[in-house]
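Novice: The structure follows.
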Amino acid sequence: RFCNSCGGALRAGSEERRQVVTVLFCDVVGSTALGESTDAEALRALLARYFARMKGIVESHGGTVEKFIGDAVMAVFGSPVGRGEAEEAQAAVRCAEAMALELQRLNAAWQLEGIEPLANGVGLASGTVMVGQIGSPQRLEFTVIGDTVNRASRVESLTRQLPARLLLDQATAALVRPAMALQSLGAHSLKGLEPEELFTPVADRSSG
């Protein structure tokens, strides 16, 4: 079975299942300018520190880092074992907020070292994915694929255009209410997908 969205194939006969999860995409904002102003070795060291911190935050909130894509982190909440769809979505939101706080701490340390601060954006999407092994017979990895993954990536890309560094799709918003107060940012076009209303948490939400 071929996956157009990810350029690979689910291995025939491997364990495959459909599962509702929340997918988190976190990408560094302004990475092109960062690469132009930083030598390769220093950039690798900086991103290694960043990825280590972000991975730790994801895991402390019960998520799984699926992969690093360039300077982006893709994580999944609810696979391989889920705690309940609403709980996983809420954990993903709390994780995203913790990632922002951790980046603030990193930036404070980097400022003392004369390193320009980083910013990032996070997009969350919830829905059904296919869980299984993907790749070629020579190289396989266990991952999730489907429209939910694509939507999370496209939602994250809109953090460059909207006044929020954390964006939720409609499905995620429905799962986290009423535990978390949200602000609607209106409907927006997602590349290759239908326009969708997006949301961001507001400061006066309950901790859930």
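Novice: Kindly evaluate S126 against the criterion of being modelled with pLDDT of 85 or more, among the polar types (S, T, N, Q) and open to solvent by less than 50 Å² (accessible area, probe 1.4 Å).
Specialist: yes
Novice: Within the range 67-83, can you find the residues that are more than 10 Å from T22 (Cβ to Cβ) and either in contact with a Lys or Arg (Cβ under 9 Å, 6 or more places away or on another chain) or open to solvent by 50 Å² or more (accessible area, probe 1.4 Å) (or both)?
Specialist: Within the range 67-83, K67, F68, I69, G70, V73, M74, P80, V81, R83 qualify.
Novice: If you don't mind, another one. Quickly run through the range 175-195 and pick out the residues that are in contact (Cβ under 8 Å) with a residue 40 or more places away in the chain and either among the aromatic types (F, W, Y) or touching a strand residue (DSSP E or B) at 6+ places or on another chain (Cβ under 8 Å) (or both).
Specialist: L175, V176, M180
Novice: Enumerate the pairs (first residue in the range 65-89 and over 13 Å from V144 (Cβ atoms); second residue anywhere and modelled with pLDDT of 95 or more and of a type in the set (A, V, I, L, M)) with beta-carbon separation below 6 Å, excluding pairs fewer than 6 apart on the same chain, so at least 6 apart or on different chains.
Specialist: V73/M54; E85/L175; A86/L175; A89/L175; A89/V176
Let's see how each residue does on (1) open to solvent by 70 Å² or more (accessible area, probe 1.4 Å); (2) at pLDDT 80 or above; (3) more than 25 Å from R154 (Cα to Cα):
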position	(1), (2), (3)
Q19	no, yes, no
L34	no, no, no
E41	yes, yes, yes
K55	yes, yes, no
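Novice: Let me ask another. Just to be sure, is A173 surrounded by 15 or more Cβ atoms within 10 Å (Cβ to Cβ), touching a His at 6+ places or on another chain (Cβ under 7 Å) and at pLDDT 95 or above?
Specialist: no
The values are calculated or read from the model by the stated rules, or taken from the named source; none is laboratory data. All figures in this text were calculated on a predicted structure; none of them were measured in a lab. Heads up, the Cβs are rebuilt from the backbone with ideal geometry, glycines too, and the neighbour counts pull from every protein chain shown. Heavy atoms of the whole protein, side chains included, go into the accessibility calculation; ligands, DNA and RNA do not. Shrake-Rupley method; radii C 1.70, N 1.55, O 1.52, S 1.80 Å.
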